[in-house]
Amino acid sequence: MTTRALTTTGARPVTGPRAPRRRAGLAVYLVVGTLLSIVFVVPLAWAVFRSMLPDALVTTAPSRADLSHLSFGNYTGLIRGGIMHSTLNSLMVAVMTAGATALVATMAGYGFARFRFRGSGIVFALILATLMVPFQALLTPLFLEMHSLDLTNNLIGLALFYTTFNLPFGVFVMRNTFLQIPWELSEQAAVDGASPTRTLVSVLRPLILPGVATTVLYAFLFSWTEFVGALTFLTSNNLYTLPLALINMEYGSVGQVNFGFLEAGAVIAMIPCVVLYIALQRYYIRGLTSGVVKG
Amino acid sequence: MVSSRQKVTGEKSGSRDATVVPRAGSRFRFVPPRLGGSLRVRRGRTGILLVSPAFALVAVFVLFPLGFAVYISATNWPLIGSYHMVGGSNYSQLAHDPVFIHSVLFTLLYTAIVTGPILIVGYTLAAFVRANRPGSVLFRTAFFLPFIVGLATESFMLLLELQPESGAIDAVLGKLGLASASTAWTVHYGLALGAICVFVIWFASGLTMMILMGGMQGIPTELYEAANVDGATWWQKERRITIPMLRRNIALSLIISVIGSFLAFNQFFILTQGGPGTQTEPIVMWIYEEAFVDYHLGYATAGAIALVVVVGIVSAAQFFLLRDENTRTVRRGRQSRPGRRA
């Protein structure tokens, strides 16, 4: 106990004889951290800057003079070219995926954590084993199967596909979320005569929200710019999600690629990810560390 | 995966009529006898209902396609028209296909290059942000941001910066005298591979950081306090305490990054289009091109099955190699210790 009092860092006030040294240590920490942050964030901010340059400037070496030519020209040009349609497609797929994953994973997590039934271990293992099956390797059978079910060239079909491959993570997180809730809570509710659904909605809901937020964020971020699945299962232009619209700009264009447009399109794809993550990261990290890592 | 094992053992010990049901992560519980009988049957049925949508999706979009893939791989399936069985000939053809073999070797090379740096950079970042110091939360956010934005989006951004004359990479390296300002990164094998590896390390280290940081914060502070009393250096504490306690997290992050590398597609498809020729074509891209550009669905699927098998073996092997008796006792010790940092 005495050693703890002597050596615990953290919440100790910065006073006393060793304070200057600690303050210097903190300064070094902040400087190193800032430099490292620059490495990770500046390339992304740089893309925002480059997206505001006309194509003629974007295709020349960056220079100080660029700063006086900033405009939203690429964005207005993209909007005229129909980028909002692809953005909406991406958004619809991502929202459908996030909603479906949250619903299905919450149900399954509840089922695995709170109910005993024959085969639950096997079914749970099967769902988790999906983590080991790369969907990238199942493109051909999935294409043929989804084609025969009319799910190719279909945003709902794409969302169902995304939902499935988000399930192992989602179910795992939700099951652990339920397991961390004191067993007494649902028992008490059962004794009071609440049905399992009622218990979930009225008693457990606030306690599982961090897990749900994690599941939703993962599913949304995964499907928002997922590439190879969309490339395989969508073929008509008017269903293209954002990355497909961009690859179309890169590959499909005759002659020179319009890099200004491409850069602006990439920034449009980036913004929701950044906003969502920064707004919800508390849940995101809590879910990540409690779900996957603690096992 | 560990918890699935926990689940199984938990069920074994918590047999039907037992009134004492041990449960992962909680105290032994006394289950009142009136919760038995028909109520238990009904609750079992509710459980099945609750998990069935998840199971149905997995059955339709994973299990069936997996079996179907094995079947397709034994045919000469074209995109349109009839097919017939060809037995194992797709597989024997694979073994002699220089393009396929190159894509396998290329994927292995790429994986070998990026895995170590991702772990080391991720570990360093995790060690840097694990304590709650002023700024650490902000730094975590910054380091994780590239992973959040996604590889596809960032590949489009990088495409511009890798262009000769106009890209920022050439501008910076040219100023520093490290490369010519007209270096065309995406059309030379070595340059493209190098650039993509650096890019992916930048992208993926944040995830490894998060996985390791979660584990680091679960290590009881008492261990470090004892080490401090003994006058241990930073590196001694990392080597003797953090790394052994982190085995499972390290295993997990390695599995995630190795499998991620095996399945690389976006960065190559967007940045090099597999070129020059098919020199930077990873396996997934080979499958995609073979199936949906050349319409050899049967043949492509045979390659895909090989990928499924390899990914399965890697996950199994890494779990096996990185788990030992030690981690299990550590885990148990951790669970029963009340005063640990959460």
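No value in this document is a laboratory result; all are computed from the given coordinates. Quick caveat: nothing in here was measured; it's all calculated off a predicted structure. Because the Cβ atoms are built from the backbone with ideal geometry, glycine has one as well, and the counts that use them run over all protein chains shown.
What is the sum of charges, Lys and Arg at +1 and Asp and Glu at -1, for the other residues whose Cβ falls under 14 Å from the Cβ of residue B:97? Intermediate values should be presented prior to the final figure.
Details: positive: none; negative: B:281, B:289, B:290, B:294.
Overall, the nearby charge balance is -4.
Taking 0.36 nm per residue of separation and subtracting the Cα-Cα distance, full extension of the segment from residue B:222 to residue B:198 would add 4.8 nm.
Projecting label points 7 angstrom from Cα along Cα→Cβ for residue A:125 and residue A:65 puts them 6.9 nm apart.
The relative contact order of the stretch B:91-336 comes to 27 percent, based on Cα pairs under 8 Å that sit 6 or more residues apart. Remark: spin-label model distance residue B:189-residue A:184 equals 6.7 nm, labels positioned 7 Å along the Cα→Cβ axis. Under 5 Å from the amide H of residue B:280 lie the amide H atoms of B:275, each residue being 5 or more positions distant or on a separate chain, with H modelled from the backbone and absent for Pro and chain starts. Each of A:248, A:113, A:261 was scored by the projection of its Cα onto the charge dipole of the stretch A:77-293, and the greatest displacement toward the positive side belongs to A:113; charges sit on the C-beta of Lys, Arg, Asp and Glu.
Shape of the protein assembly as shown from the C-alpha gyration tensor: oblate (a/c of 1.5 or more and a/b not above b/c, with a ≥ b ≥ c the square roots of its eigenvalues). Charge tally around residue A:52: other residues with Cβ under 12 Å, Lys/Arg +1 each, Asp/Glu -1 each, net -2.
In this structure, residue A:84 and residue B:59 have a Cβ-Cβ separation that, at R0 = 30 Å, corresponds to a calculated FRET efficiency of about 0.20.
Per-residue extension of 0.36 nm, minus the Cα-Cα distance of residue B:172 and residue B:235, leaves a gain of 19.2 nm for this segment. Put a dot 7 Å past the Cα of residue B:294, heading toward its Cβ, do the same for residue A:236, and the two dots end up 3.1 nm apart. A simple count of charges around residue B:289, restricted to other residues whose Cβ falls under 13 Å of its Cβ and scoring Lys, Arg +1 and Asp, Glu -1, yields -4. Scanning residues 5 or more positions from residue B:75 or on other chains, those with amide H under 5 Å from its amide H are B:86, with H placed 1.01 Å from N in the peptide plane. For residue A:21 and residue A:148, the difference between the fully extended length at 0.36 nm per residue and the C-alpha to C-alpha distance is 38.8 nm.
In terms of the Cα gyration tensor, with a ≥ b ≥ c the square roots of its eigenvalues, is chain A rounded because a/c is under 1.5, prolate because a/b exceeds b/c, or oblate?
Note, shape of chain A comes out oblate.
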